[in-house]
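> Sending over a structure as structure tokens; questions will come in a sec.
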Amino acid sequence: MTEDKGGNKRSDGNEPHQHQAGSTTHREEDQWKYRPPYRIHEPGDQFEVKWRGKCHCGAVQYELSREKPLASKYCHCTTCQRMHGWAAIFHKTDVNFTRGHHDLGWYDPTARSTTHHLPCKVQCAYCRTPVMDEGRNMILLFPTLIEGINTPAGRAAFQPQCHMFYPQRVVDIRDGLPKFKGLSDQSPLVDEETGEEIPGSGPKEEEEGK
Ligand SMILES: [Zn+2]
Ligand SMILES: [Zn+2]
């Protein structure tokens with residue numbers, strides 16, 4: 001660093017030019033860009049595209065490398081009623097954003113804040129289409145964005161396996177799928193007509209002493 005006659009500090013080119021637009025930053029809050037699901041895949045990466053999805057305006061686009069989600073579920077809890085109820089679970093490494101992945105908006109429903117704090121809801125920052133829920137380990141993708149979801153192959157691949165938090169539903173769903181009182185496989189089953197618990201149908205919602 002040198003000073004000119006006016007006393008202004010001038011860089012000799014060895015220090016990072018942090019005041020310049022476009023210079024690299026290493027802020028902790030930017031680290032998400034370099035981790036799945038937001039890390040952009042290189043052309044040589046092993047990534048076989050099985051599905052593509054995009055938001056309503058097309059600013060956010062992604063590819064999926066997995067033929068079928070790990071699970072597909074409808075959630076009737078009051079948060080999902082307001083935000084998005086049908087989710088397909090994928091590994092974070094199964095998704096590759098090809099467009100707009102730096103134009104995403106966050107919503108953390110626990111703190112009701114718009115920061116990228118997991119678990120958080122992820123939207124297109126422009127058209128506000130809900131894209132997914134990003135959990136700590138997995139992503140819960142909203143399948144209605146996927147190209148071909150309304151074809152026989154799309155419906156078969158993303159066929160939901162169950163309903164969760166069914167007693168909180170706003171409409172009855174008579175599709176014969178298992179209906180859980182709370183989280184799937186961690187709560188008792190309920191009747192799809194009445195929403196009443198089926199006695200002896202599953203684990204108690206909360207284990208004592210937990
Ligand atoms: Zn959009
Ligand atoms: Zn829910």
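The values are calculated or read from the model by the stated rules, or taken from the named source; none is laboratory data. Note that the coordinates shown come from a computational prediction; the quantities given were computed from them, not determined experimentally. Cβ coordinates were reconstructed from backbone atoms using ideal geometry, including for glycine residues, and neighbour counts include every protein chain displayed. Accessible surface areas use protein heavy atoms only, side chains included; no ligands, DNA or RNA. Shrake-Rupley method; radii C 1.70, N 1.55, O 1.52, S 1.80 Å.
> Might you check whether a residue that is under 18 Å from the mean Cα position of the chain (by Cα), of a type outside the set (Gly, Ala, Ser) and assigned to a strand (DSSP E or B) occurs anywhere in the stretch 181-191?
Within the stretch 181-191 (the criterion being under 18 Å from the mean Cα position of the chain (by Cα), of a type outside the set (Gly, Ala, Ser) and assigned to a strand (DSSP E or B)), the answer is no, since none of the residues qualifies.
> Another question, then. How about the stretch 165-206: which of its residues are open to solvent by 60 Å² or more (accessible area, probe 1.4 Å) and either of a type in the set (Lys, Arg) or at positive phi (or both)?
ARG174, GLY176, LYS181, ASP185, GLY200, LYS204
> A further question on this structure: List the number of the failed condition for GLY53; all other conditions in (1) open to solvent by 70 Å² or more (accessible area, probe 1.4 Å); (2) within 16 Å of ligand 1 (Cβ to nearest atom); (3) not acidic (Asp, Glu) hold.
For GLY53, the failing item is (1).
> Same structure, new question: Given the conditions (1) more than 15 Å from ligand 1 (Cβ to nearest atom); (2) buried (at least 16 other Cβ atoms within 10 Å of the Cβ); (3) within 23 Å of ARG155 (Cα to Cα), which single one is not true for HIS116?
Unmet condition: (3).
> Here is a follow-up. Does any residue in the stretch 143-160 that is assigned to a loop (DSSP other than H, G, I, E, B) come within less than 8 Å, Cβ to Cβ, of a residue that is of a type in the set (S, T, N, Q) six or more places away or on a different chain, and which pairs are these?
Hits for this filter: PHE158/SER72; GLN159/SER72; PRO160/SER72.
> What about HIS76, is it crowded, with 19+ Cβ neighbours inside 10 Å and over 12 Å from the mean Cα position of the chain (by Cα)?
yes
> Looking only at the stretch 153-164, count how many residues are open to solvent by less than 60 Å² (accessible area, probe 1.4 Å) and over 22 Å from the mean Cα position of the chain (by Cα).
Looking only at that region, the number is 0.
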